[in-house]
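What follows is a single structure, written as structure tokens, with notes after it.
The values are calculated or read from the model by the stated rules, or taken from the named source; none is laboratory data. If you're wondering where the values come from, they're calculated on a predicted model, not measured in any experiment. So basically every Cβ, Gly included, is an ideal-geometry build from the backbone, and we count neighbours across all protein chains shown.
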Amino acid sequence: MRRPAMYASLVLASLVVLVPLAVVFFAAFKTRAEYSTTGPLTPPRNWLHFDNFVTAWSEGRMLLGFGNTTVILAVSLTGTILVGTLAAYAVSRFDFPFKRLVLGSFLVAALVPGVTTQVATYQIVKSMGLVNTPASAIVLFLGTDIISIYIFIQFMQSIPPSLDQAAMIDGASRFTVYRRIILPLMKPAIATVAIIKGIAIYNEFYIPFLYLRSPDLSVISTALFRFKGPYGAQWETIAACTMIVILPTVVLFLLLQRFIYNGITAGATK
Amino acid sequence: MTEVNKRRYLPWLYLAPALGLLITFTYVPVGNMLFYSFHSWDGLDVTMDPVGLDNYVRVFTDERYWRVFLVSGYYFAASFAQIAIALYFAVVLSFDVRFKNLFKGILFFPYLLNGVAVGFVFLYLFQPDGTLDTVLRWLGLGDQTRHWLGDPDIANISLAGTSVWRFTGLSFVLFLGAIQSIPGEIYEAAEIDGAGRWHQFRHIIVPGIRRIISLSFILAISGSLAVFEIPFVMTGGANGTRTFVVQAYETAFQFRQIGLASAMAVVLLLVVLLITWVQRRIVPDEEVQLS
């Protein structure tokens, strides 16, 4: 293919990606009057007009949203890593009856799309009395995660079993082997899981929307969604809030690019 | 406790948390869902009325319910566009291109964004006299402007387009990764043999990434059935844009028809399992090796 055509297509695609975001960025800095009189593609007159961000931050209780998201994220990630590595350790280092059945049950579960079972899952979470508590989102983020266990199993198979056998001859218990040998060597796989799972939880909308109804339990997705009704016409505020939600993703992406690409590839193809 | 007994129960101790969660939040719900789907229940009553296959009959005969499959069709068709665009840019960026990482980053970035934020960004773009209309007027296509989200004939296309914008980056990065894992010597050998770019694409790249393309189609089909955030945030399901999950959500949580919603979910689950099974038959997955 001709080079100029190739670059033209790349530039066009970049514009298609960036323009929709840039216009929202513009709107976030405009005053009420400016917004209604200028076109969407006109940059704001004053780039230091932060009023919309202040309004969005306080009216949307974004601090609360980020706080709740952080707590849920931290607990769910820690839990996923512990539950996943323990299960992977059992599967890759022990021989036991029904092992194939257990593996198969994880495999089949990976095919069940989480959104389809929420009708019935909701009744279970409700009967546990967890609806409208952060624990509901946390157990669901833990319980619906099969891909992480997979990544852990695959990675653990690349750690030579002779390492654990040597330790056990020296008198180490199984748990010591897991804690002192396996877990430290699993760091790359743990990083991969933390990244893909972290992004997924930060962006999750359906589960918090369904289970964390109380405004005090808003996470960032639901906090942003709440702007839809009462702020229907105030686009400059909605735009500012959208930018507040996107900003952490931009920063994280710029810092962790390489890890994110690797993590996403590992997560989708396993 | 004897040593033998201890060894027997030890692995189960390590497995217990994962298995417990798996059973409680995946298998029990699927089982319950099957049970609910043959009953009429509002989610609160102590008793459920068995109704046989009524819920299933309704899913397939009432237009409000089977229509959602047609809506999925828009997203499914869009996913072909998505795969084609992703494949094109993956091939382009696997060549020697300037600013490769910049372009790669830009094309991938939308996939990382929060779904609600994407919904608002495109709600803003599609507004009457919004960004899209302004750009069209700039290009002299002013007569092409319309109610992108208000007109039932076009709303689903606008939403499916939004979905392409959001997910192309994922397919693109997966394809690019697969292409880059093809050893460079193969291209060199092909070039010595006089193979052009098209031949290289047809005979080296396509076979090299067949598995990932087939995986992308599976993700596309189950993805197009599971669309929720984009229509829910942007139109709330109005103007004929109600998707399967939006409809199931409303049926279960607004109209409290748990039985009917469960029947919908069972149908969706069966479709997804069937498609996955067909895919496994067509493209055997050599790389799965557990234990």
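Data for the structure
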item: All helices (runs of 4 or more DSSP H) inside the range A:156-270 with 1 or more residues being touching a Pro at 6+ places or on another chain (Cβ under 8 Å); result: A:187-203, A:220-225
item: Contacts under 7 angstrom Cβ, first residue in the range B:97-115 being facing another protein chain (nearest Cβ under 7 Å) and touching a residue at least 24 places away in the same chain (Cβ under 8 Å), partner of a type in the set (Lys, Arg) and crowded, with 16+ Cβ neighbours inside 10 Å, 6 or more apart; result: B:PRO110/B:ARG166
item: Members of the range A:134-150 found to be assigned to a helix (DSSP H, G or I) and either within 8 Å of chain B (Cβ to nearest Cβ) or within 19 Å of A:ILE181 (Cβ to Cβ) (or both), listed by number; result: A:VAL139, A:LEU140, A:LEU142, A:GLY143, A:ILE149
item: Any hit, the range A:62-72, residues being under 30 Å from A:THR237 (Cα atoms), surrounded by fewer than 16 Cβ atoms within 10 Å (Cβ to Cβ) and either touching a residue at least 24 places away in the same chain (Cβ under 8 Å) or of a type in the set (Asp, Glu) (or both); result: yes
item: Residue in the range B:140-154 that is part of a helix (DSSP H, G or I) and within 8 Å of another protein chain (Cβ to nearest Cβ) present; result: no
item: Residue among A:ILE220, A:ILE196, A:ILE201 that is closer than 11 Å to B:ALA117 by Cβ, under 12 Å from the mean Cα position of the chain (by Cα) and touching a residue at least 60 places away in the same chain (Cβ under 8 Å); result: A:ILE220
item: Hey, B:LEU22 touching a Gly at 6+ places or on another chain (Cβ under 8 Å) and not β-branched (Val, Ile, Thr) or not; result: yes
item: Residue within the range B:161-179 that is buried (at least 16 other Cβ atoms within 10 Å of the Cβ), assigned to a loop (DSSP other than H, G, I, E, B) and over 13 Å from the mean Cα position of the chain (by Cα) present; result: no
item: Residue in the range B:71-90 that is at the interface with chain A (Cβ under 9 Å from one of its Cβ atoms), free of Cβ contacts under 8 Å to residues at least 24 places away in the same chain and assigned to a helix (DSSP H, G or I) present; result: yes
item: Enumeration of residues in the range A:246-265 that are without any contact (Cβ under 8 Å) to a residue 40 or more places away in the chain and closer than 16 Å to A:TRP57 by Cβ; result: A:LEU247
item: Candidates B:PHE201, B:PHE167, filtered to the one that is among the hydrophobic types (A, V, I, L, M, F, W, C) and modelled with pLDDT of 85 or more; result: B:PHE167
item: Unique residue being over 30 Å from B:VAL164 (Cα atoms), more than 13 Å from chain A (Cβ to nearest Cβ), touching a residue at least 60 places away in the same chain (Cβ under 8 Å) and part of a helix (DSSP H, G or I) when the list is B:TYR65, B:TYR56; result: B:TYR56
item: Those residues of the range B:17-33 which are among the polar types (S, T, N, Q) and either buried (at least 22 other Cβ atoms within 10 Å of the Cβ) or farther than 14 Å from A:THR116 by Cβ (or both), in sequence order; result: B:THR24, B:THR26
item: Residue list for the range A:110-133, restricted to those being within 9 Å of chain B (Cβ to nearest Cβ) and within 15 Å of A:PHE209 (Cβ to Cβ); result: A:GLY114, A:VAL115, A:GLN118, A:VAL119, A:THR121, A:TYR122, A:VAL125
item: Yes/no for B:SER181 being of a type in the set (Gly, Ala, Ser), at pLDDT below 90 and assigned by TED's automatic domain parsing to the domain that holds B:PHE109; result: yes
item: Test: B:ALA84 is in the same structural domain as B:GLN180 (by TED's automatic domain parsing) and touching a helix residue (DSSP H, G or I) at 6+ places or on another chain (Cβ under 8 Å); result: no
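Rundown of residues vs (1) within 10 Å of chain B (Cβ to nearest Cβ); (2) within 18 Å of A:VAL83 (Cα to Cα); (3) at pLDDT below 90, yes/no style:
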position	(1), (2), (3)
A:TYR178	yes, yes, no
A:THR192	no, yes, yes
A:ILE201	no, yes, no
A:TYR211	no, no, no
A:VAL245	yes, no, no
A:PRO248	yes, no, no
